[in-house]
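Report on the structure given below.
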Amino acid sequence: MKKGKIAMTITIGIACFALVTVMTMQFKVVNETDIMEIENMQEAELKTELANWKSRYEEIDAQYQEVTQRIEEYKNDEESNNEASRLVQEELEQTNTLLGLTDVHGEGIVITLKSKENASAISADDLLIIVNALKFAGAEAISINDERIINTTDIVNILDGSFVKINGQRILEPYVIKVIGNQSHMESAVTGNGGKVEELQTLGHTATIEKDNDITIGKYNGEIETKYIE
Amino acid sequence: MIFIAILIGCILGAILGLNAPMISYTYSSYLAIAIIAALDSVFGGIASVIKKNFDLKIFISGFFGNAILAILLTILGQKLNVDIYLAAIVVFVWRMFMNLGTIRRYYVEKWSDMIKEKTSKKDVKEKNKTEEKQQENS
């Protein structure tokens, strides 16, 4: 009986001890909690706020990405447009050059022809032959007395060879033929055996050939009109 | 005897509790419900001591079992989003009042008995005195 009572007392004592220990700890926590609760609340608020901002950020970021992508597309488009226009421009320039609608310069030769007095003058046929020979030799641009030879150019005798018309313009002696092309090829095309210039020289006409490393040939001054080409 | 044990336990517990490290706020709700359960067990133990039917095994199992069950119920309640701990608190506090009522009744009865005894003794003494006086007079 006595033993049981002691055990009982000790047990209740220990139980009280454990209980009060935990209780005191809890009191401490609760005391601190006044501040902590506010902090927790703020924390929760901040968390929701943060989540909101995060979602907004993601939204805006997505928009930004989209816009950036669009800008990139536009840029690409523009670049390709630029590229296309540049190519077109180049092509146009090349075409103009080939057509003779631009001033060109480069290495080549200058042929000067002057008829012998009291003899048959140098005719358009002679000029045609020379031009033809030069073209055969690979001439890139030809002009006679600054009249550019283009694909519609006519070289004709007027009034039984008393004067020559090129591009519908009357031209007078001396005839100065400027050619851009390989200098030696040009020269050999009109000189040597069967060369028209040499032939003219043997006939007594004055003919000189000068080499020039920078000849400037002016553009065709007229207009190229097409009526029947559709 | 038993009150000395309770007092010593309380003092030691308070000292240890004040020096114990802080627990995380997250667990304080579980701890609170465990405290209520343990408090109920202690009151129950005291009441049973007074009733003289104290059983060590029942007390210890009740002390720990109730506390653990209360904590588990609270956790379950949080998981289910139902405030089950309210039911536990109602039950424990109700039982606490019952036990306190038992203890109170016992001591009140004891006290009133003591007063009755004292008064009856006084009456007896006074009676004796008067009788003595009467005898002297006579």
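What follows is calculated from the coordinates using simple rules that are stated; it is not laboratory data. Every value quoted in this text rests on a predicted model; they were computed, and no experiment measured them. All Cβ positions, glycine included, derive from the backbone under ideal geometry; neighbour counts span all protein chains shown.
Helix-only estimate, please: 222 nm mean residue ellipticity of chain A, summing -39500 (n - 2.57) across DSSP H runs of length 4 or more and dividing by its residues, to the nearest 500.
Taking each H run of at least 4 residues, the total per residue is -20000 deg cm²/dmol.
With a/c under 1.5 counting as rounded, go ahead and sort the stretch A:105-217 into rounded, prolate or oblate using the C-alpha gyration tensor (a ≥ b ≥ c being the square roots of the eigenvalues; past the cut-off, prolate if a/b is larger than b/c, else oblate).
Oblate, because a/c is 1.5 or more while a/b does not exceed b/c.
What does the extension gain come out to for A:Thr48 and A:Lys165, with contour length at 0.36 nm per residue minus their alpha carbon separation?
Here the segment from A:Thr48 to A:Lys165 would lengthen by 32.8 nm.
I'd like to compare A:62-74, B:53-65, A:88-100: which one has the highest average count of other Cβ atoms within 10 Å, and what's the full order after that?
For the peptides A:62-74, B:53-65, A:88-100, the packing ranking is B:53-65, A:88-100, A:62-74.
Would you report the distance distribution of C-alpha pairs in chain A as whole percents per 5 angstrom bin, up to the bin with the largest distance?
Spelled out per bin, shortest first, that is 1, 5, 8, 10, 9, 7, 5, 4, 3, 3, 3, 3, 3, 2, 2, 2, 2, 2, 2, 2, 2, 2, 2, 2, 2, 2, 2, 2, 1, 1, 1, 0, 0, 0, 0.
Does anyone have the angle between helix A:124-136 and the longest principal axis of chain A? Alpha-carbon axes, 0 to 90°, nearest 10?
40
So for the pair A:Thr152, A:Leu203, with labels modelled 7 Å out along Cα→Cβ, what separation do we get in nm?
Once both label points are built, they end up 3.0 nm from each other.
Given labels modelled 7 Å from the Cα in the Cβ direction, how far is it in nm from B:Ile4 to A:Leu92?
Result for the modelled spin labels: 11.8 nm.
Can you give the FRET efficiency for A:Asn145 and A:Ile60, using 1/(1 + (r/R0)^6), R0 = 56 Å, r = Cβ-Cβ distance, to the nearest 0.05?
0.20
Using a Cα-Cα cut-off of under 14 Å, which aspartates and glutamates could be cross-linked to B:Lys79, ignoring same-chain neighbours fewer than 8 residues away?
By straight Cα distance, B:Lys79 reaches no aspartates and glutamates at all.
How far is helix B:25-51 tilted, in degrees, relative to the longest principal axis of the Cα atoms in chain B, given as a value from 0 to 90 rounded to the nearest 10?
Computed tilt is about 30 degrees.
Under 19 Å Cα to Cα from B:Lys121, which lysines show up? Leave out anything in the same chain fewer than 8 places away.
B:Lys110, B:Lys129, B:Lys133
Please work out the ratio of the alpha-carbon Rg of chain B to 2.2 N^0.38 Å and round it to two decimals.
Computed over Cα atoms of chain B, the ratio equals 1.69.
For A:Lys114, go through the lysines and keep the ones whose alpha-carbon is under 21 Å away, minus same-chain ones fewer than eight residues off.
Correct list for A:Lys114: A:Lys165, A:Lys178, A:Lys196, A:Lys211.
As a test of the formula, what do you get for chain B when each DSSP H run with n ≥ 4 contributes -39,500 (n - 2.57) and the sum is divided by the residue count, at 222 nm and rounded to the nearest 500 deg cm²/dmol?
Helix contribution divided over all residues of chain B: -32500 deg cm²/dmol.
Given the C-alpha centroids of the stretch A:119-169 and the stretch B:77-105, what is the distance between them in whole angstrom?
Cα centroid to Cα centroid, the span is 125 Å.
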